[in-house]
1. Quick check: residue separation of residue 113 and residue 53 times 0.36 nm, minus the Cα distance between them. What number comes out in nm?
2. Can you give me the Kirkwood hydrodynamic radius for region 64-157, using every pair of distinct Cα atoms, in Å to one decimal?
3. Would you mind counting up the charge near residue 140? Only other residues with Cβ under 13 Å from its Cβ, with Lys and Arg at +1 and Asp and Glu at -1.
4. So what is the relative contact order for region 1-105, in percent, with contacts set as C-alpha pairs under 8 Å and at least six apart?
5. Specify the angular offset, from 0 to 90 degrees and rounded to the nearest 10, of the alpha carbon long axis of helix 98-109 from the longest principal axis of the alpha carbons in the chain.
6. Compute the Rg to Rh ratio over the chain from the alpha carbon atoms, using the Kirkwood formula for Rh, and round to two decimal places.
7. Do any trypsin sites (Lys or Arg not before Pro) in region 69-124 lie in a loop, going by DSSP, with at most 10 other beta-carbon atoms within 10 Å of their beta carbon, and if so which?
8. Could you work out how far helix 3-15 tilts from the main Cα principal axis of the chain, as a 0 to 90 degree angle to the nearest 10?
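No lab work stands behind these numbers, since they all come straight from the coordinates. A quick note: this is a predicted structure, and the numbers were derived from the prediction, not measured. All Cβ positions, glycine included, derive from the backbone under ideal geometry; neighbour counts span all protein chains shown.
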Amino acid sequence: MDDGALRLLRHLLADTRLLTLAVVVEGEPLAGVVPFLAAPDFGSVLVHVSRLARHTRGLEAGAAWSGALQEPDRSDLDALAVPRLILSGRVEDLAPGETEALGPAWAERYPSAAMTLALGDFRFRRLTVESGRLIAGFAQAAGVSPRVLAEAAALDA
């Protein structure tokens with residue numbers, strides 16, 4: 001992957017804030033839109049979800065997930081050329097103590113969500129990335145592996 005594509009990948013993971021999430025709940029596909037925080041190595045994304053939300057039932061450890069990040073669509077853009085990143089992988093539990101360590105970073109990125117950190121029905125879930133596809137524009141697609149994600153994370157911001 002060239003430097004421009006790596007920088008776009010880094011931008012989508014570091015600067016966009018909403019993940020369109022797809023999971024399976026009770027045998028049926030279900031989509032949701034959730035805030036996320038990329039891990040420093042981009043090997044996973046973290047979401048803070050309420051147990052009351054239907055999509056959270058699809059986020060048990062070991063479950064498959066897929067998601068999309070994209071630049072905002074605008075009427076002056078060609079919809080086929082909007083940069084986007086499609087990811088897929090598995091859900092993992094966080095290690096003991098990790099939740100407390102994530103709180104300050106979450107509150108910094110999402111100040112209005114700081115109150116949810118104290119609510120008992122919210123929990124962090126780690127969505128590990130096994131594969132993906134970066135679409136930089138029309139006919140500009142490339143596969144994304146954990147190695148490519150690490151390369152993008154290592155770039156100077």
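1. Difference between extended and current length: 20.1 nm.
2. 15.9 Å
3. 0
4. 24 percent
5. Approximately 60 degrees, to the nearest ten.
6. 0.96
7. Qualifying residues, ordered by number: 74.
8. On a 0 to 90 degree scale, this one is about 30.
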